[in-house]
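Chemist: Below is the structure I would like to discuss, written out as structure tokens.
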Amino acid sequence: MKWNTPDDLRRQVQRLWDNGSLLAARLNDSSLFPLELRLRRPSSRDLAENYDEVRQWVTALVNASRPQRGYGYDITWQRINHRVHGANDLPGTAVVPSEADALRLIQRVQDADRFSRLAEVTLVSFPSLRTWLEAHPLTLLEQAEHWTRVLAVLNWFREHPRSGIYLRQLDIPGVDTKFIETRRKLFMQLLDNVLPDEDIDKTATGARQFEHRYGLRNKPSLIRFRILDPALAINGLTDISVPGEQFAGLSLNVQRVFITENDINGLAFPECPGSLVIFGLGYGLDRLAEIPWLQRTEIHYWGDIDTHGFAILNRLRTVLPRARSFLMDRATLEAHRELWVEEPAGSRFSGELTHLNPGETELFNALRDERFGQRVRLEQERIAYNCVQAAVRAIVDTRSTIGHF
């Protein structure tokens, strides 16, 4: 049947609940009522051909209407004069007269009252959240059980702007670290409305940047390195992960530093006098800018021979301009032709790189433009280990002159 049933009418009201309109109207003083619902009705042809079904449809609408049930919708009637059945009164419109009728129709009276109580308490302490509450009324209800604690967290941040402590150190009764961690997106929405602009670092976006955005202390980023010269071991330790500031404070008689992306390559890197290898940073090479002694050290970078490998090399040179690449040349690529794979089609780097030397630029452009074939890539772990050993020996045997490439 194409005619609207009582369930169809109820669903129209339910949609106003689901999109937040019913609850938002309680805050912005807008009026949704009386609310006329869409009512698809029988046509004159239906009346002629399906008279009994039309009578049943009318009866169902009437039985579910406000006069019969005490709440819901009212029906306005329209007289239809039919050549076969004569004059008949059919429903013309269905109108919900008030919010109370709508809420009873969809069984949301208690939820709506709870929303109003929580919203009132919220706005007493945080009037700036009115717009957020209008836009996210159902979120408030979803968090109703925890809302007192939510408000306590907001109040703590307001009273302790950019505290510089770890999230674990927040001392809020009834609130543990997990409570905030599992609601980072919610708290970011709320805190952006509660805190003044000077207490928010708006360059830090996304849930992972929560601490940075609101002035908490971040978990330190670790730099993993291996000392390649046993004589330089630190109390016998050669494979070490430390925060960047501790790495910056190391005092080692290091002549050269190798940087590679692949963890296994870092672990298997050949021993080398006066050297260490840093690995696993990926695009996080910016952290090395905080290490002043690297500026005075030979830097040798080994990455994948693909578009992103050269993009990372280019990024490294923005912080360490003297960095040199190795095993990232055309000869190495062509010597391992049988080990080529393809870069993922949707994630290749296609921009311009301004910190490569002429040979690197030529090879990058050839890869980007697919002159060797479709999305050619030589991953660093596929390069023969004897080639790695030979390249490292060549670096050691050739006295490097530190300077711009």
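The values are calculated or read from the model by the stated rules, or taken from the named source; none is laboratory data. A quick note: this is a predicted structure, and the numbers were derived from the prediction, not measured. Cβ: placed from backbone, ideal geometry, glycine included. Neighbour counts: every protein chain shown.
Chemist: Would you mention how many residues in segment 339-355 are at pLDDT 90 or above and either of a type in the set (Val, Ile, Thr) or under 19 Å from GLU379 (Cα atoms) (or both)?
Modeler: 9
Chemist: If you don't mind, there's one more thing I want to ask. Looking at segment 11-26, is at least one residue within 30 Å of LEU138 (Cα to Cα), touching a residue at least 40 places away in the same chain (Cβ under 8 Å) and among the charged types (D, E, K, R)?
Modeler: yes
Chemist: Tell me, yes or no, whether segment 293-308 has at least one residue that is of a type in the set (A, V, I, L, M, F, W, C) and either without any contact (Cβ under 8 Å) to a residue 40 or more places away in the chain or surrounded by fewer than 19 Cβ atoms within 10 Å (Cβ to Cβ) (or both).
Modeler: Checking segment 293-308: at least one residue is of a type in the set (A, V, I, L, M, F, W, C) and either without any contact (Cβ under 8 Å) to a residue 40 or more places away in the chain or surrounded by fewer than 19 Cβ atoms within 10 Å (Cβ to Cβ) (or both).
Chemist: So, one more: What residue, among those in segment 342-365 that are among the aliphatic types (A, V, I, L, M) and in contact with a helix residue (DSSP H, G or I) (Cβ under 8 Å, 6 or more places away or on another chain), is farthest from VAL388 (Cα to Cα)?
Modeler: Per the criteria, the residue is LEU353.
Chemist: Let me ask another. Output the residue which, of all residues in segment 317-351 that are closer than 28 Å to THR297 by Cα and assigned to a helix (DSSP H, G or I), is farthest from the chain's Cα centre (by Cα).
Modeler: The qualifying residue farthest from the chain's Cα centre (by Cα) is ALA331.
Chemist: Consider segment 83-97. How many of its residues are hydrophobic (A, V, I, L, M, F, W, C), in contact (Cβ under 8 Å) with a residue 60 or more places away in the chain and either buried (at least 19 other Cβ atoms within 10 Å of the Cβ) or assigned to a loop (DSSP other than H, G, I, E, B) (or both)?
Modeler: The number of residues fulfilling the criteria is 2.
Chemist: Given SER128, SER98, SER65, which one is within 20 Å of ASN4 (Cβ to Cβ) and of a type in the set (Ser, Thr, Tyr)?
Modeler: The unique qualifying residue is SER65.
Chemist: Follow-up question, since we're still on this one. Could you please find all residues in segment 164-193 being under 18 Å from HIS146 (Cα atoms) and β-branched (Val, Ile, Thr)?
Modeler: Residues satisfying the conditions are ILE172, VAL175, THR177, ILE180, THR182.
Chemist: Here's a follow-up. Looking at segment 1-30, which of its residues are surrounded by fewer than 14 Cβ atoms within 10 Å (Cβ to Cβ), part of a loop (DSSP other than H, G, I, E, B) and under 36 Å from the mean Cα position of the chain (by Cα)?
Modeler: Of everything in segment 1-30, those that are surrounded by fewer than 14 Cβ atoms within 10 Å (Cβ to Cβ), part of a loop (DSSP other than H, G, I, E, B) and under 36 Å from the mean Cα position of the chain (by Cα) turn out to be ASN19, ASP29, SER30.
Chemist: Additional query: For segment 98-110, check the following and say yes or no: at least one residue is outside the structural domain of VAL150 (by TED's automatic domain parsing), in contact (Cβ under 8 Å) with a residue 12 or more places away in the chain, over 20 Å from LEU138 (Cα atoms) and not in a helix (DSSP H, G or I).
Modeler: Yes; the residues of segment 98-110 include at least one that is outside the structural domain of VAL150 (by TED's automatic domain parsing), in contact (Cβ under 8 Å) with a residue 12 or more places away in the chain, over 20 Å from LEU138 (Cα atoms) and not in a helix (DSSP H, G or I).
Here's the yes/no breakdown for (1) in a loop (DSSP other than H, G, I, E, B); (2) among the basic types (Lys, Arg):
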position: ARG226; (1), (2): no, yes
position: SER241; (1), (2): no, no
position: PHE247; (1), (2): no, no
position: ILE259; (1), (2): no, no
position: ASN265; (1), (2): no, no
position: PRO273; (1), (2): yes, no
position: LEU281; (1), (2): yes, no
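Chemist: Being closer than 22 Å to ASN193 by Cα and among the charged types (D, E, K, R) is the filter here; which residues of segment 207-232 pass it?
Modeler: Within segment 207-232, ARG208, GLU211, ARG213, ARG217 qualify.
Chemist: In segment 191-229, what count of residues is obtained for those that are farther than 28 Å from GLY280 by Cβ and not small (Gly, Ala, Ser)?
Modeler: Adding up the residues that qualify gives 12.
Chemist: Okay, next question. Quick one: is PRO321 surrounded by fewer than 21 Cβ atoms within 10 Å (Cβ to Cβ) and touching a residue at least 60 places away in the same chain (Cβ under 8 Å)?
Modeler: yes
Chemist: Could I ask something else about it? Can you pull out the residues in segment 98-135 that are hydrophobic (A, V, I, L, M, F, W, C), crowded, with 17+ Cβ neighbours inside 10 Å and over 30 Å from TRP57 (Cβ atoms)?
Modeler: Selection gives ALA112, PHE115, LEU118, ALA119, PHE126, LEU129, TRP132, LEU133.
Chemist: Kindly check whether there is at least one residue in segment 47-56 that is at negative phi, at pLDDT 90 or above and among the aromatic types (Phe, Trp, Tyr).
Modeler: Within segment 47-56, none of the residues are at negative phi, at pLDDT 90 or above and among the aromatic types (Phe, Trp, Tyr).
Chemist: Out of everything in segment 139-180 that is closer than 19 Å to VAL194 by Cα and hydroxyl-bearing (Ser, Thr, Tyr), what residue ends up being surrounded by the fewest Cβ atoms within 10 Å (Cβ to Cβ)?
Modeler: THR148
Chemist: Are any residues in segment 39-81 part of a helix (DSSP H, G or I), in contact with a strand residue (DSSP E or B) (Cβ under 8 Å, 6 or more places away or on another chain) and under 18 Å from ILE106 (Cβ atoms), and if so, which ones?
Modeler: The answer is LEU61, ARG66.
Chemist: Being touching an Asp or Glu at 6+ places or on another chain (Cβ under 9 Å) and either part of a loop (DSSP other than H, G, I, E, B) or closer than 17 Å to ARG158 by Cβ (or both) is the filter here, so list the residues in segment 194-218 that pass it.
Modeler: Those that are touching an Asp or Glu at 6+ places or on another chain (Cβ under 9 Å) and either part of a loop (DSSP other than H, G, I, E, B) or closer than 17 Å to ARG158 by Cβ (or both): ILE200, LYS202, ALA204, PHE210, ARG213, TYR214, GLY215, ARG217, ASN218.
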